[in-house]
Amino acid sequence: MRRLPVVVNPAASGGRKSAPRDALAAAAAQRGWRVEWWATEAPGHATELAARAARDRDPLLAVWGGDGTYNEAARGLLGSETALVALPGGTTSVLAYELGIPRDPAAALARQLDGERRGMAVGRTDSGQLFLLMLSAGPDALILANLPALLKKRAGKAGITAQAVVEFLHGRLPRFAVSIDGATLDASWCIVGNGRCYGGPYTATPGADPFATGFEVVTLERHGRAAAVPFFFSILSGRHLGRAGVDRRPATEVRLTGEGVPYQLDGDPSGYLPVTARASDERLFVMPPGREKQ
């Protein structure tokens, strides 16, 4: 049987749930794979484990966790032939929505083992940070930057929602500039989408293609709570692109500038503006699910 390393992040979902090891091992064995468990021990450890799988020329590396863990693993896999198998175990695991992966981890593993590898595009910042899904600056990044770690760990999505209420009611919402292809936009929110999905199954940048080089950039140019709150809820309904003050365009490079404005990558706070997002020629091999067997 072929070896299938499975990186497990015990801190995923705040440690509120654990990987279904028996079910995952059974799903792998049915398809000729022998599971080997690799637990992360600290932030960044998933990158080291993924680099080990790449050095050992493992054809696949499964990762049970959330988007932050997938991002870490991707850093160790880029430039190798080892493909990432994403097993939903995080608070949201947006990459699973993006690739059409089932939410049940055992079903997710089975369907991806039946799939075919594809090279997924990635984005980089000017400081070398990697993102698989998106870079965003605006109220979402502000919420994540100010969210107490303990609240996120214990309450998950409910904690994020509570922090959102605090920011929208009392916080000072961001204002910054977005430069794309010679145009400069006065923005309150900007989502640079390498993929379509945002915050779950919601398609904030529906024109983005995760398997093609380049982004779709959606920018809100209106300011204040009266603009930001309806824009956010419009994303959930898929109607945000038709709102007044919303700009939508393709790009391969985007510059965001502002003072004290945080940005996030793949759902994790990652720094403060200014930042430049660039489409990279690098590819991450992934395993979009094969057709479900009857």
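Every number here is computed from the coordinates shown, using simple stated rules; none is lab data. In this text, all values refer to a predicted model and were calculated from it rather than measured experimentally. Every residue, glycine among them, receives a Cβ derived from its backbone with ideal geometry; neighbour counts consider all protein chains shown.
Summary of values
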{"quantity": "Given charges at Cβ of Lys, Arg, Asp, Glu: the chain dipole, positive-most of 199, 145, 88", "calculated": "88"}
{"quantity": "Which of 240, 223, 170 has the fewest Cβ neighbours within 10 Å, and the rest in rising order", "calculated": "170, 223, 240"}
{"quantity": "Shape category assigned to region 130-281 from the gyration tensor of Cα positions, a/c cut at 1.5", "calculated": "rounded"}
{"quantity": "Residues 197, 190 arranged by fewest to most Cβ contacts within 10 Å", "calculated": "197, 190"}
{"quantity": "Separation of alpha-carbon centers, region 91-127 and region 1-51, rounded to whole Å", "calculated": "15 Å"}
{"quantity": "For 243, 222, order by how many other beta-carbon atoms lie within 10 Å, fewest first", "calculated": "243, 222"}
{"quantity": "Long-range tail of P(r) for the chain (Cα pairs > 23 Å, %)", "calculated": "53 percent"}
{"quantity": "For the chain, calculated [θ]222 nm from helices alone, where every DSSP H run of n ≥ 4 adds -39500 (n - 2.57)", "calculated": "-8500 deg cm²/dmol"}
{"quantity": "Shape category assigned to region 64-121 from the gyration tensor of Cα positions, a/c cut at 1.5", "calculated": "oblate"}
{"quantity": "Global geometry of region 201-262, whether rounded, prolate or oblate, following the gyration tensor of its Cα atoms and the 1.5 cut on a/c", "calculated": "oblate"}
{"quantity": "Under 5 Å, built H, 5+ apart or other chain: amide partners of residue 38", "calculated": "6, 7, 8"}
{"quantity": "Net dipole in debye of region 130-281 [+1 Lys, Arg Cβ; -1 Asp, Glu Cβ; about Cα centre; nearest 20]", "calculated": "560 debye"}
{"quantity": "Only Lys, Arg (+1) and Asp, Glu (-1) charged, at Cβ; the chain dipole about Cα centre in debye", "calculated": "700 debye"}
{"quantity": "Residue 52 paired with residue 81, simple spin-label distance in nm, labels 7 Å along Cα-to-beta-carbon", "calculated": "2.2 nm"}
{"quantity": "Electrostatic dipole magnitude of region 93-149 [Cβ: Lys, Arg +1; Asp, Glu -1; Cα centre; debye, to 20]", "calculated": "100 debye"}
